[in-house]
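Trainee: Can you read through this structure? Questions will come right after.
The values are calculated or read from the model by the stated rules, or taken from the named source; none is laboratory data. Because the structure is predicted, anything quoted here is derived from the model rather than measured. As a convention, Cβ positions derive from the backbone with ideal geometry for all residues, glycine included, and neighbour counts pool all protein chains shown.
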Amino acid sequence: MKTIKLGLCIAFVICQIGLSITAKGQSVAINCGLPNNTCSYALPNNTEHTYSVAMSLFAKCNNGKDCKYKWEVTNGLIVGIPAASPSILEANAKDQIKVVWNNTNGNGTIKVTSGQPSAGDQGCSECPVGLTQTKTIPIRYLGTPGNIKINGAAQSGSYQINCGTAPINVSVDPVANATNYVWTYPAGWTLSGSGNIVMLTPNAGAGGVIKVTTSRNDVPGLTTSSQLTITRPVPTKPVINSPDILLCNPKTITATASNATSYNWVATGGITANSPGNTNSAQITGVSDGTVKVSATSSVCGVTSAFSTPINVKRSAPQPASLLVTANGGGSPDFMCNGAGVMLNAYTAEPGTQFGIWTSSDPGNTILNSNGGTAYFNSYVNNCYGIDITVSNCFGSVQKGITICVDNCAKGTPIYKVFPNPAKDQVKIQFDDGQAIERLPQTVTLLSEVGGKEVRAIDATAQYATAAFEQERTITLPVSDLPRGTYYLMLVNRDGTSENVRLILE
C-alpha cells in the first residue's frame, strides 16, 4: 500500500505542475509597425520596417519586454547587427527590431522566440521559455525600368533626334509587377498609346526629358522610373570672327554657328550690316560709331538662337577719355629723382589706333626716347615737364600727356601731389604729412601757357595757419571761372627756388 500511495502522490504533483503551465496561457505576438503599419506586405528597395513583440498574460519583467528574445529573419536583414549573422539576433530586452527585406519578388519570414535573460531583476527569471510566433511577410517588389528605347534601340543619358515632327516609337522592357506606366515628355510633344510601349510625336525643334514612372496598384506611393534627355540639332549662339573694328572702309566679317540655315545681322548707331541671303557673312558700312551682332536660325527646327556678343565698330577719331598715359604705372603728375629716369606708357582699347610722336615741353632739358606706346624719360634739371603723345586713326588724331616733376630727392624738397589734373572747378595741392611747415612753398601762382601771364595767386603761408590745412594738409585753388586750356602751377619756396606743374583745365 505504501508503494501505491507514493505513485499516486508523484502522479498528483506532475499533474498539478502541468495544470499550472497550461493555466497561465502566455503567448507572444509579432506586431508590424512603420512604414506601412501592416503585416500584409513589405516594401523592398532598402526600406526599413519595424517589428515588435508583445507577451500576453505576463506582468513581470516590464510586462515581458525585458525578457530575452531571439529573432530570425529569412529573405531579409536585421538592421544594425554584425554582417556575420545578419538574419539572427538574440539579446535581452530586445522586444523590437528593424528589418530591410531583400529586393526580390517573393515572401519573407520573421520569427521570435522568448527566453530567460542571463541577468536582470528577480521577475525576469520567470520569463516563459520557448514561446514563439512566425509571420510570413509578402514582399511587394517592383522592378526598375531599364533604358528607354527609341525606335527599338536602348539609349542612355541623352539622345539627339532630328528636328521635325516625325513620330518616334518609345518603350521600355516590361517591368516586374508593374501595373501602371506613366510617361512624361517635352512641352509641345504629343503621346498616343499606353503601357510600356507608346508613340511620341515631337514638335519641330523642342527637346527635353522623356520619363517613364512605374507603379503597382496594391502598394500606394511605390514607384520606380527611368528617363532619357532628348536634344535637337538647334542652332548655337553665333561667334563673330572679328575683334572690334575701326571702319575706315567697308569691311566684310563672318560669324560661326552650328546647325544654322540662316543668319540675322543687326547693327546699331550709324552702322549698317548688309547680308544678301542672310548668310554667315555681312558687309559693314557706316557713318558713325555703332555695334554689330548676329543670331542664327534653323528653318528645320524653327528655332532662332540668342544674339552673339556684339562687336564695336568705330568711325571717329580717338577719344581722349579712352587714352591712358602713365609713368611707371602711376598717375599724373608723377615724380622722379634727378637723373633716375622713368618709363612712360600709353594705352587705349579703341580699335585701329596708332601711337605717334612723344614730345616734351622742354626738349633742351629732357631726354625722351620712344617706341610706339612706350617711352623713356629722364632729366637732370629740377622742374616739372609736360610729356605728350599723339595717337591717330584714319579719322583724326588726339594728344594727351602726363606731368613729370624732377627734383633732387636728397634735398628733402616737399613731396606733394596736384589733383585733379585735368581739372574743372578747383585744383588741390596736397603735401606729405612728414614735411615741416617751414619747408613748404610760400606762394602758389597759376600761369597761362601763352605768355606765362599770372592768372591767380595764393599766399600759401596764410593757408598753413588754418585748421583745415592742419587737418588735411591741402591748399585749394578755384579755377571754375578761368578759360579752359593749359596752365602752369608754380610753387615758390622760401629759398627762391620754384617748381612748375603743367595743369589742364577742361
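Trainee: Scanning for something under 15 Å from Leu131 (Cβ atoms) and out of contact with any Pro (no Cβ under 7 Å at 6 or more places or on another chain), does segment 72-85 turn up at least one residue?
Mentor: Within segment 72-85, one or more residues are under 15 Å from Leu131 (Cβ atoms) and out of contact with any Pro (no Cβ under 7 Å at 6 or more places or on another chain).
Trainee: OK, next. Mind checking which pairs have a first residue in segment 129-145 that is buried (at least 18 other Cβ atoms within 10 Å of the Cβ) and a second that is of a type in the set (D, E, K, R), Cβ under 6 Å, 6 or more apart or different chains?
Mentor: What qualifies is Leu142/Arg216.
Trainee: Also, I was wondering about something else. All but one of (1) exposed (fewer than 11 other Cβ atoms within 10 Å of the Cβ); (2) more than 54 Å from the chain's Cα centre (by Cα); (3) in a loop (DSSP other than H, G, I, E, B) hold for Glu438; which doesn't?
Mentor: (3)
Trainee: Restricting to segment 168-187, count the residues that are farther than 27 Å from Asn217 by Cβ and either assigned by TED's automatic domain parsing to the domain that holds Thr104 or surrounded by 13 or more Cβ atoms within 10 Å (Cβ to Cβ) (or both).
Mentor: Residues of segment 168-187 that are farther than 27 Å from Asn217 by Cβ, as a first pass: 168, 186-187.
When the remaining residues are screened for being either assigned by TED's automatic domain parsing to the domain that holds Thr104 or surrounded by 13 or more Cβ atoms within 10 Å (Cβ to Cβ) (or both), the result is 168, 186.
Matching residues across segment 168-187 total 2.
Trainee: Scan segment 482-502 for residues that are within 54 Å of the chain's Cα centre (by Cα) and over 16 Å from Ile458 (Cα atoms) and jot them down.
Mentor: Residues satisfying the conditions are Pro483, Arg484, Gly485, Thr486, Arg502.
Trainee: Kindly provide the set of residues from segment 286-321 that are assigned to a loop (DSSP other than H, G, I, E, B) and either under 15 Å from Thr236 (Cβ atoms) or among the hydroxyl-bearing types (Ser, Thr, Tyr) (or both), ordered by number.
Mentor: Our first condition is that a residue be assigned to a loop (DSSP other than H, G, I, E, B); within segment 286-321, this holds for 287-289, 299-302, 305-310, 315-319.
Answer for segment 286-321, where residues must be assigned to a loop (DSSP other than H, G, I, E, B) and either under 15 Å from Thr236 (Cβ atoms) or among the hydroxyl-bearing types (Ser, Thr, Tyr) (or both): Ser288, Ser299, Val300, Cys301, Ser305, Ala306, Phe307, Ser308, Thr309, Ser316.
Trainee: Let me ask something else about it. Can you name the residue in segment 188-200 that is at pLDDT 95 or above, under 40 Å from the mean Cα position of the chain (by Cα) and in a loop (DSSP other than H, G, I, E, B) and is also nearest to Arg232 (Cα to Cα) among such residues?
Mentor: Among residues in segment 188-200 that are at pLDDT 95 or above, under 40 Å from the mean Cα position of the chain (by Cα) and in a loop (DSSP other than H, G, I, E, B), the one nearest to Arg232 (Cα to Cα) is Trp189.
Per-residue answers, yes or no, for (1) surrounded by fewer than 16 Cβ atoms within 10 Å (Cβ to Cβ); (2) closer than 30 Å to Pro250 by Cα:
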site: Thr366; (1), (2): no, no
site: Asn369; (1), (2): yes, no
site: Asn383; (1), (2): no, no
site: Gly386; (1), (2): no, no
site: Thr390; (1), (2): no, yes
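Trainee: If Gly221 passes every condition in (1) modelled with pLDDT of 95 or more; (2) out of contact with any strand residue (DSSP E or B) (no Cβ under 7 Å at 6 or more places or on another chain) but one, which one does it miss?
Mentor: Among (1) modelled with pLDDT of 95 or more; (2) out of contact with any strand residue (DSSP E or B) (no Cβ under 7 Å at 6 or more places or on another chain), Gly221 violates only (1).
Trainee: Here's another thing I want to ask about it. Going through segment 239-265 one residue at a time, which ones are farther than 23 Å from Thr353 by Cα and over 31 Å from the mean Cα position of the chain (by Cα)? Step through it out loud before you land on a result.
Mentor: From segment 239-265, those farther than 23 Å from Thr353 by Cα are 239, 255-265; that's our starting set.
If the condition is that a residue be farther than 23 Å from Thr353 by Cα and over 31 Å from the mean Cα position of the chain (by Cα), then Thr261, Ser262, Tyr263, Asn264, Trp265 are the ones that fit.
Trainee: Follow-up question, since we're still on this one. Only one of (1) in contact with a strand residue (DSSP E or B) (Cβ under 7 Å, 6 or more places away or on another chain); (2) buried (at least 20 other Cβ atoms within 10 Å of the Cβ); (3) at pLDDT 90 or above fails for Ser298. Which number is that?
Mentor: Of the numbered conditions (1) in contact with a strand residue (DSSP E or B) (Cβ under 7 Å, 6 or more places away or on another chain); (2) buried (at least 20 other Cβ atoms within 10 Å of the Cβ); (3) at pLDDT 90 or above, the odd one out for Ser298 is (1).
Trainee: While we're on this one: Restricting attention to segment 392-427, and to residues there that are of a type in the set (A, V, I, L, M) and within 30 Å of Cys248 (Cβ to Cβ), which single residue is modelled with the lowest pLDDT?
Mentor: Pass one, segment 392-427, residues of a type in the set (A, V, I, L, M): 398, 402, 404, 406, 410, 415, 418, 423, 427.
Adding the requirement that they be within 30 Å of Cys248 (Cβ to Cβ) leaves 398, 402.
On the way: Val398: 93, Ile402: 88.
Checking each candidate, the answer is Ile402.
Trainee: Thr134 fails exactly one of the following numbered conditions: (1) closer than 30 Å to Ser85 by Cα; (2) modelled with pLDDT of 95 or more; (3) within 42 Å of the chain's Cα centre (by Cα). What is the number of that condition?
Mentor: Every listed condition holds for Thr134 apart from (3).
Trainee: I'm trying to understand the selection: among the residues of segment 213-271, which are in contact with a Pro (Cβ under 6 Å, 6 or more places away or on another chain), assigned to a loop (DSSP other than H, G, I, E, B) and buried (at least 19 other Cβ atoms within 10 Å of the Cβ)?
Mentor: Ala257, Ala260
Trainee: Do the conditions hold for Asn103, that is, is it closer than 30 Å to Ala178 by Cα and not in a strand (DSSP E or B)?
Mentor: Numbers: closer than 30 Å to Ala178 by Cα: yes; not in a strand (DSSP E or B): yes.
Against the criterion (closer than 30 Å to Ala178 by Cα and not in a strand (DSSP E or B)), Asn103 qualifies.
Trainee: A follow-up question, please. Quick one: would you say Lys211 is among the charged types (D, E, K, R) and either closer than 21 Å to Ile271 by Cβ or not assigned by TED's automatic domain parsing to the domain that holds Trp183 (or both)?
Mentor: No, not satisfied.
Trainee: May I pose another question? Look at segment 333-356 and say how many of its residues are surrounded by fewer than 19 Cβ atoms within 10 Å (Cβ to Cβ) and among the aromatic types (Phe, Trp, Tyr).
Mentor: 1
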